[in-house]
Amino acid sequence: MAESPVEIPKALIEKLRNARHITVITGAGISAESGIPTFRDAQTGLWAKYRAEELATPEAFRANPELVWDWYSWRRKLVGDAAPNDGHHALVELEDWAPSFTLITQNVDGLHQIAGSRNVVELHGNIRKVKGLDCTRDRECPAAGDASRYDQSPDKPPRCEVCGTYMRPAVVWFGEALDHNNIELAAEASSKCDVFFSVGTSAVVYPAASFIYQALANGAATVEINPQPTPQSQEVHFPLKGSAGVILPALIKQLKEQHS
Ligand code: BJW
């Protein structure tokens, strides 16, 4: 059933028109309309079928490297076949429109960059890349980088040609530290923004879910776009219930109409 036309609150449009910096954090929900499953949606989410602790932790990889490598290869193929949707494209328009803009994403699919978003902070890494499991040079290792070079490898997982360690997806698993520089960029963008959007995330994974509180503490207007309530829905100024692929284009349309 088609969603009814979306009315964006005039007060939000006004806030956006006066904003100097806009910060957006996205989660798996924005890519759902590109056919990529979310993690926690009850019927369709990945965790409805697979156990996170058996696949998305360093312990799981060490215990069963082939299973985890295969699972990520399957997801990499899914992501490789997907294209950005209207929600991703609307965020590119918002970046073009705003004086200053930061897009923090928890997504590992790279669809924001493919859509054309420029100032993107990838908090949880990128599934299209690999790095060595125990490599001290991490992403600087010559064996790290584009995962597709290992697609034809008979070894699952392949080994680093320099030090022999297993190659693994360059994503952040539970219990692993996020890149320090990325946390700083996200924290700064959240503290200095005038409007903060949380789009398509269940807002349960930390530290990603904490950035909105920095925005709130610094007086930003906060917006949530999600068809389902989250633990943060009651705290945001503008909870907009619905799909990112519908609400974001409607918001851009109204922003531009009232701007001309
Ligand atoms: C739509 C839609 C549509 C549907 N439009 N919307 C503080 C408190 C409690 C726990 C912790 C804490 N601090 C740290 C922790 C532990 C842990 C954590 O947060 N656990 C909680 C789950 C309890 N955090 C960590 O372990 C992090 N590391 C860390 O803190 O390290 C500390 C450390 C320091 C020093 C040394 C060592 C360690 C790391 C977290 C890594 C998360 N990794 C994953 C997997 C990435 C790789 C992969 O892809 O496999 O990241 S888990 C998974 O969850 C993935 C996502 O990025 C992340 C968030 O999920 P997301 O995006 O919100 O998706 P869903 O499915 O949950 O929600 C989708 C939403 O979309 C829903 O709300 C839908 O309604 C909505 N939706 N269709 C708009 N069309």
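The values are calculated or read from the model by the stated rules, or taken from the named source; none is laboratory data. Small disclaimer: the values here were computed from a predicted structure and weren't measured. Heads up, the Cβs are rebuilt from the backbone with ideal geometry, glycines too, and the neighbour counts pull from every protein chain shown. Side chains included, ligands, DNA and RNA excluded: accessible areas come from the protein's heavy atoms. Shrake-Rupley method; radii C 1.70, N 1.55, O 1.52, S 1.80 Å.
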Check your understanding: When you go through (1) assigned to a helix (DSSP H, G or I); (2) at pLDDT 95 or above; (3) under 20 Å from residue 38 (Cβ atoms) one by one for residue 69, which number turns out not to apply?
Key -> (3)
Revision key, fill the gap. Selection over the range 120-176 where residues are under 16 Å from residue 56 (Cα atoms), open to solvent by 20 Å² or more (accessible area, probe 1.4 Å) and aliphatic (A, V, I, L, M) yields a count of 2
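Okay, residues lined up against (1) among the aliphatic types (A, V, I, L, M); (2) free of Cβ contacts under 8 Å to residues at least 40 places away in the same chain; (3) farther than 23 Å from residue 17 by Cα; (4) open to solvent by less than 20 Å² (accessible area, probe 1.4 Å):
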site	(1), (2), (3), (4)
198	no, no, no, yes
202	no, no, yes, no
213	no, yes, no, no
222	no, yes, no, yes
241	no, yes, no, no
246	yes, no, no, no
249	no, no, no, no
253	no, yes, no, no
Review point. Restricting attention to the range 83-104, does a residue exist that is over 30 Å from residue 256 (Cβ atoms), within 12 Å of the ligand (Cβ to nearest atom) and under 18 Å from the mean Cα position of the chain (by Cα)?
Key: no
Check your understanding: Any residue in the range 17-36 that is within 12 Å of the ligand (Cβ to nearest atom) and surrounded by fewer than 17 Cβ atoms within 10 Å (Cβ to Cβ)?
Key -> yes
Check your understanding: Does residue 73 qualify as being within 20 Å of residue 104 (Cα to Cα) and of a type in the set (Ser, Thr, Tyr)?
Key -> no
Practice item. Consider residue 236 carefully, then state whether it is more than 10 Å from the ligand (Cβ to nearest atom), touching a helix residue (DSSP H, G or I) at 6+ places or on another chain (Cβ under 9 Å) and among the aliphatic types (A, V, I, L, M). Key: yes
Study note, to complete from the structure: Reported set for the range 156-181 where residues are within 15 Å of the ligand (Cβ to nearest atom) and polar (S, T, N, Q) is 181
Practice item. Report yes if some residue within the range 72-92 is outside any loop (DSSP other than H, G, I, E, B), closer than 30 Å to residue 133 by Cα, at pLDDT 95 or above and aliphatic (A, V, I, L, M); otherwise report no. Key: yes
